[in-house]
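The values are calculated or read from the model by the stated rules, or taken from the named source; none is laboratory data. Only a predicted model underlies this, so the values are computations on that prediction, with no experimental measurement involved. Using ideal geometry, Cβ is built from the backbone for each residue, glycine included, and neighbour counts are taken over all protein chains shown. In case anyone asks, the SASA skips ligands and DNA or RNA and just uses the protein heavy atoms, side chains included. Shrake-Rupley method; radii C 1.70, N 1.55, O 1.52, S 1.80 Å.
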Amino acid sequence: MTPTNGTTAPAVKGATTNGSTQPLLNVQGLKMHFPITRGIIFQRQVGAIKAVDGLDFTMFKGETLGLVGESGCGKSTTGRAILQLYRPTDGHVLFEGVDITQTKGEDLRKMRRRMQMIFQDPYASLNPRMTVGSIIGEPLEVHNIGSSKKERQERVQELLKTVGLNPYFVNRYPHEFSGGQRQRIGVARALAVNPAFIVCDEPISALDVSIQAQIINLLEELQDELGLTYL
């Protein structure tokens, strides 16, 4: 995917209303190439799949940017590369003025509190062996948020309320919920660490049409309430 081949058409919401002069996110020349290798014992690279090849865009706080393209053009790869789930082949990702492509270890872990992701498939993105409370509460434990177990439990219940679910669902498992409810759990997990930026990887494409509007409305309400920025 390249920004000049017609496969991407960014649509920006709120670009002239937030009044901010410092971009929240600045992507410069982003490239993500996956090597093609041959050989069983002695593997050698014979080529590369250029999933993303020189992408540039800027986002300000409170904006929504839609990255549009046909299936397989690199949209999901772009989101994962921005969050450093994939380490980009080349380019720079400046988040709040910091080039996170050069950030590692504890510094990168701290940056992850500011950036989260809502995955496309609400069935595959939730661990079936974990309760809803454990799924939403895991980011709180990873980032040492909350001074006690009770405080974290209260935060989880608050998040469930925020996304329109009963707070008493904390001890239930993902298989007990519908697709729309599972995606709400995914949204709650993304919100747990109070991020500023969320990558929404086609968060409604796997849902019934009747449920899609509910999730879109939820995301818009959360954006207005929390000042979130969405890709």
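A few remarks follow.
- The stretch 163-180: number of residues that are open to solvent by less than 20 Å² (accessible area, probe 1.4 Å) and over 17 Å from residue 116 (Cα atoms): 5
- Residue that is surrounded by the fewest Cβ atoms within 10 Å (Cβ to Cβ), among those in the stretch 181-191 that are touching a residue at least 40 places away in the same chain (Cβ under 8 Å) and over 12 Å from residue 226 (Cα atoms): 188
- Of the residues making up the stretch 126-141, those that are open to solvent by 30 Å² or more (accessible area, probe 1.4 Å) and in contact with a helix residue (DSSP H, G or I) (Cβ under 8 Å, 6 or more places away or on another chain) are 127, 128, 130, 138, 141.
Results for (1) among the hydrophobic types (A, V, I, L, M, F, W, C); (2) modelled with pLDDT of 90 or more; (3) open to solvent by less than 60 Å² (accessible area, probe 1.4 Å), shown as yes or no for each residue.
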residue	(1), (2), (3)
19	no, no, no
27	yes, yes, yes
31	no, yes, no
72	no, no, no
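- Residue within the stretch 208-215 that is over 26 Å from residue 111 (Cβ atoms), surrounded by fewer than 19 Cβ atoms within 10 Å (Cβ to Cβ), among the small types (Gly, Ala, Ser) and in contact (Cβ under 8 Å) with a residue 40 or more places away in the chain present: no
- When 218, 160 are checked against the criterion of being surrounded by fewer than 19 Cβ atoms within 10 Å (Cβ to Cβ), in contact (Cβ under 8 Å) with a residue 12 or more places away in the chain and assigned to a helix (DSSP H, G or I), 218 stands alone in meeting it.
- Residue ID - nearest to residue 35 (Cα to Cα), chosen from residues in the stretch 81-111 that are buried (at least 19 other Cβ atoms within 10 Å of the Cβ) and within 15 Å of the chain's Cα centre (by Cα): 81
- Taking residues in the stretch 130-151 that are touching a residue at least 24 places away in the same chain (Cβ under 8 Å), and partners anywhere that are of a type in the set (Val, Ile, Thr) and in a loop (DSSP other than H, G, I, E, B), the pairs with Cβ atoms closer than 8 Å and at least 6 places apart or on different chains are 139/145; 139/193; 140/193; 143/193; 145/193.
- Residue pairs whose Cβ atoms lie under 8 Å apart, separated by 6 or more positions or on different chains, with the first residue in the stretch 76-104 and closer than 18 Å to residue 196 by Cα and the second among the acidic types (Asp, Glu), are 79/201; 93/99.
- Single unsatisfied condition, residue 117 versus (1) under 19 Å from residue 178 (Cβ atoms); (2) open to solvent by less than 30 Å² (accessible area, probe 1.4 Å); (3) not in a helix (DSSP H, G or I): (1)
- Qualifying residue in the stretch 41-56 (condition: buried (at least 17 other Cβ atoms within 10 Å of the Cβ) and either under 15 Å from the mean Cα position of the chain (by Cα) or in a loop (DSSP other than H, G, I, E, B) (or both)): no
- The sole residue among 3, 35, 23 that is at pLDDT 85 or above and assigned to a loop (DSSP other than H, G, I, E, B) is 23.
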